[in-house]
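Asks: A single structure is presented below for examination.
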Amino acid sequence: MKKIMMMAFGWLIVQSAYGFDYQTFAEKAKVTFGVTSNFQPAGKFKAYLNIDNTSGQSLASGEAQWRIYLHFVRRVTAIDSDEFTLERVQGDLYRLTPTQAFQGIANGEAKRIEFEALGYISSYSYFMPNAFIVDGNGKSYTFASTAKEDPKDFSATLSRPEQYLRFNSPDPDLYPVATPQSRFEENKGVSASEKVVGIIPSPKEMHLSKGHAKIASDWSLYQSGGLQFSADYLKRELAGLGVVLSEAAEPESEKTIRLLIDDSVTVPEHYELNIKSHQLTIRAADKAGILYGVQSLIKLLPLSAKDSVVSVPAVRIFDEPRYPWRGMHYDLARNFHGKQTILTLVEQMGRYKLNKLHLHLTDDEGWRLEIPDLPELTGVGANRCFDPNENHCLLTQLGSGPKSAREKQYLTRQDYIDIVRYASDRNIEVIPEIDMPGHARAAIVSMKARYRKLLDTAGKKEAERYLLSDPKDQSEYLTVQSYTDNSINVCMESTYHFVEKVMYEVQRMHRDAGSPLRTFHMGGDEVGRGSWEESPVCQALFTDPDSGILGAEDLKPYFVKRVAKLASDRGMAVAGWEDGLMYDKNTPFLRKNLENPSVIANAWDNIWELGVSDRAYLLANAGYQVVLSSATHLYFDHPYESSPDELGYNWATRYTDLEKVFAFRPDDLYANASRTFSGAKIDNLEKLTNKLHVDLERPANILGIQGQLWTETLRTQSSVETMIFPRLIALAERAWHKADWENGAGNDETYREDWTQFLSILVNYDLPKLDQSGVQFYVPPPGLKQKGDSVSLNSGLPKVDYEMSVNGAKHWTPVSENQAKWIPGALYRSRFGGQVSRAVSLTP
């Protein structure tokens, strides 16, 4: 045995000394993705992978033990090569394998491998980083050329219509791709007033008076009891402007800010703010109303103070929210960005009076919350790496490459408690989502790892206690994200032991934070069709006359019923995505069968021509409480404009800019149907879908609206913040305030006045304060128009500055008077404070 081991070791030395150097190959060879054409029949497109061997060595045909792994989010259907096979491993991970026909790749040679896939790729965001090669011994090496954050660094230019338009048949892609010239024309009507007094979100009533209150350190603050957080919050804001308030013993003193709980105010979250020259009063029925009054006062504070004196306009405000549910959803499962990212989001949500934080904690690609007694959920499920057996981590996905992240990729129990407490102080309810029964691969793999670990040490019964998969299940399915094994088995009792254990532990965390868990979100969306059909455990239920389960179609409502009951028994409402609460696109589960006083549906799927945009009303009429989460307007992972250079997917709409969010009409869902997915104008929605859409019969069941951020393409905190802000501010405006122009068919003049007012407040007050706080936000690139030897610049965001570069962005110089000299190849960008747009050029 020793001799054999020594021989094997000697062979490895020879390979290292004289064989192919994979490390050098990965460091120096260039791997590039590209799109040949989206204009293919049958909903497909052609793409390619290019391997340019600049490593200084040849990859010989005999060196055939290697495999290349790449992340590709579209489903590959065919490869045009005799030298390679390209097969999907799981999800977006593909394996490129040389065949016997492989001719090698000589030093200096480039090999282009063309393939076909479903859908299209119309922006660089679809290309994922960190392709890697694995040698015959299973060791992985990441291609340095793909280890980049910007996909443009490892993808070919999308410069032709068939590359940046999504399709040309059966209908053409009618959304024109934005150019500097088209952007210039669209921006012509954008303006903002310098002299504006206002608050975002807009108050219900606001009455300006003459004069100002000049607040200085000789003022004091009085709170009527139980309002210490709001008092301290306001004092910190004023201290930042040089004003240090003392505590007042009496409420009637002059030069006093008074925070008063008033029994005569009966509407929850309502507040009254009254600013006089020598006294400032905030009255409300509850702590939430007091905090909102404080936030409105803070909105009126200047950016800076002169001689530590803060001047605030005399005003009287009577205000209350439009909806009880004003939410923001954030996916930290696909990519994890850290605790501070969440705290930053919570802080800004509080400032804009949003009150529901929906945390998507788990998905196929990651489990992000520590659960006591189930360490595998984070030990395995929070990490992604190249471990084919998934004993130590999940299979790598979404461009994470072969190396598991060094830093902790989940929230500890204490992290989560801190977040819940921080949010509760700001009147924000944290709603944890544990996505199931679909989108549950991280949980399934983790519990398999637990089973293997405990089988020999703790026995079969304990090992199976929280098992989520039936090892004898032969069901075949393929989800939208190309998974074949991500459905929790809903027929196993161990599944419900797991669900209850997670509920119990998360509920304990909320109690420890002093904020009871009121709503448990079970996800429920996009379950692979065919799940559980060939599971022996489920087959036993089908044949059991006492189960009430006659076939696979009964299993999803069976699961929802049991989870709803578990939540109800623990005093919690249960929530789910709309399709998780429906048999099909037109039929909700019978509400009376779900034993829970409150079942909440996030209505998201509203691509107009698909005929499912009435699901929100179907569910509300059926007795569900509904949160409007419309993908066409409220999915903030979609691009800000129609351009291949913009970040984000565009599966629901080509773009969602700030104005589109602002213009959303939540009280008349169908009024938002302006264009189809392809960009065609919608004149008659029912004619388009050949369907009579239901009217809303139970409007009280519409709880409110919520913005969504999914993070498949977002790998950094900066990218998360840029996609959320400033769209979150427009979301807050619509969630809190109903504008006059929303009534009836709409008045263009009234709408334009309101939009201009919103922009004016945004650029004069809100964005400068956001910039001061260090939060990243999106600045649109400039519009450009060449005339002779000069270039005019404008923007969709008023009050921006402009810069130009003539040396490839190495150095930027300010542009004066929105006019620059025309220089071929020059780059231009917009700047707002410390935030800059992406650079654009007039040169193709």
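The values are calculated or read from the model by the stated rules, or taken from the named source; none is laboratory data. Since this is a predicted model, take the numbers as computed values, not measurements. Backbone-built Cβ (ideal geometry, glycine too); neighbour counts: all protein chains shown.
Asks: Filter the stretch 71-97 for residues that are touching a strand residue (DSSP E or B) at 6+ places or on another chain (Cβ under 7 Å), farther than 16 Å from GLY119 by Cα and part of a loop (DSSP other than H, G, I, E, B) and give the result.
Replies: SER81, GLU83
Asks: Does LYS139 satisfy being without any contact (Cβ under 8 Å) to a residue 24 or more places away in the chain and closer than 24 Å to LEU395 by Cα? Break it down stepwise before answering.
Replies: Working: without any contact (Cβ under 8 Å) to a residue 24 or more places away in the chain: no; closer than 24 Å to LEU395 by Cα: yes.
So LYS139 does not fit the description; no.
Asks: Same structure again: Every residue in the stretch 361-394 that is touching a Phe, Trp or Tyr at 6+ places or on another chain (Cβ under 7 Å), among the acidic types (Asp, Glu) and crowded, with 24+ Cβ neighbours inside 10 Å, please.
Replies: The one that is touching a Phe, Trp or Tyr at 6+ places or on another chain (Cβ under 7 Å), among the acidic types (Asp, Glu) and crowded, with 24+ Cβ neighbours inside 10 Å: ASP364.
Asks: Filter the stretch 709-760 down to the residues that are among the small types (Gly, Ala, Ser), surrounded by fewer than 22 Cβ atoms within 10 Å (Cβ to Cβ) and part of a helix (DSSP H, G or I) and list them by number.
Replies: Answer for the stretch 709-760, where residues must be among the small types (Gly, Ala, Ser), surrounded by fewer than 22 Cβ atoms within 10 Å (Cβ to Cβ) and part of a helix (DSSP H, G or I): SER718, SER719, SER760.
Asks: When the stretch 458-486 is examined, which residues are found to be β-branched (Val, Ile, Thr) and buried (at least 18 other Cβ atoms within 10 Å of the Cβ)?
Replies: THR479
Asks: Hey, another quick one. What number of residues within the stretch 573-607 satisfy the criterion of being under 25 Å from ILE682 (Cβ atoms) and part of a loop (DSSP other than H, G, I, E, B)?
Replies: Number of matching residues: 6.
For every residue, the table says whether it meets (1) at pLDDT 95 or above; (2) outside any loop (DSSP other than H, G, I, E, B).
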{"position": "GLU254", "(1), (2)": "no, no"}
{"position": "ARG283", "(1), (2)": "yes, yes"}
{"position": "ILE298", "(1), (2)": "yes, yes"}
{"position": "VAL310", "(1), (2)": "yes, yes"}
{"position": "HIS329", "(1), (2)": "yes, yes"}
{"position": "PHE336", "(1), (2)": "yes, no"}
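Asks: Something else now. Which members of the stretch 46-59 meet the condition of being over 34 Å from the mean Cα position of the chain (by Cα) and of a type in the set (Gly, Ala, Ser)?
Replies: SER55, GLY56, SER58 - these are the residues of the stretch 46-59 that are over 34 Å from the mean Cα position of the chain (by Cα) and of a type in the set (Gly, Ala, Ser).
Asks: Got at least one residue in the stretch 686-695 being in contact with an Asp or Glu (Cβ under 9 Å, 6 or more places away or on another chain) and within 23 Å of VAL177 (Cα to Cα)?
Replies: Among the residues of the stretch 686-695, not one is in contact with an Asp or Glu (Cβ under 9 Å, 6 or more places away or on another chain) and within 23 Å of VAL177 (Cα to Cα), which makes the answer no.
Asks: Quick one: which of ASP579, ASP584, ASP569 is modelled with pLDDT of 95 or more, surrounded by fewer than 14 Cβ atoms within 10 Å (Cβ to Cβ) and of a type outside the set (A, V, I, L, M)?
Replies: After applying the criteria, what remains is ASP569.
Yes/no matrix, rows are residues, columns are (1) in a helix (DSSP H, G or I); (2) more than 29 Å from GLU87 (Cβ to Cβ):
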| residue | (1), (2) |
| --- | --- |
| LEU454 | yes, yes |
| TYR466 | no, yes |
| ASP470 | no, no |
| SER475 | no, no |
| THR479 | no, no |
| ILE488 | no, no |
| CYS491 | no, yes |
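Okay, residues lined up against (1) within 27 Å of the chain's Cα centre (by Cα); (2) assigned by TED's automatic domain parsing to the domain that holds GLU162; (3) buried (at least 16 other Cβ atoms within 10 Å of the Cβ):
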{"residue": "THR36", "(1), (2), (3)": "no, yes, yes"}
{"residue": "LYS44", "(1), (2), (3)": "yes, yes, yes"}
{"residue": "SER61", "(1), (2), (3)": "no, yes, no"}
{"residue": "VAL76", "(1), (2), (3)": "yes, yes, yes"}
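Asks: Still on this model: Tell me which residues, restricted to the stretch 110-127, are over 22 Å from ALA42 (Cβ atoms) and either more than 24 Å from the chain's Cα centre (by Cα) or of a type in the set (A, V, I, L, M) (or both).
Replies: Listed by number, the residues that qualify are ALA110, LYS111, ARG112.
Asks: Another question, then. Touching a helix residue (DSSP H, G or I) at 6+ places or on another chain (Cβ under 8 Å), in a loop (DSSP other than H, G, I, E, B) and over 30 Å from SER155 (Cα atoms), is that true of GLY623?
Replies: Working: touching a helix residue (DSSP H, G or I) at 6+ places or on another chain (Cβ under 8 Å): yes; in a loop (DSSP other than H, G, I, E, B): yes; over 30 Å from SER155 (Cα atoms): yes.
Against the criterion (touching a helix residue (DSSP H, G or I) at 6+ places or on another chain (Cβ under 8 Å), in a loop (DSSP other than H, G, I, E, B) and over 30 Å from SER155 (Cα atoms)), GLY623 qualifies.
Asks: Would you mind finding the one in THR157, THR142 that is surrounded by fewer than 19 Cβ atoms within 10 Å (Cβ to Cβ) and among the hydroxyl-bearing types (Ser, Thr, Tyr)?
Replies: THR157
Asks: Shifting gears a bit: Looking at (1) surrounded by 23 or more Cβ atoms within 10 Å (Cβ to Cβ); (2) closer than 27 Å to ILE199 by Cα, which one does VAL763 not meet, given that it meets all the others?
Replies: That leaves (1) as the condition not met.
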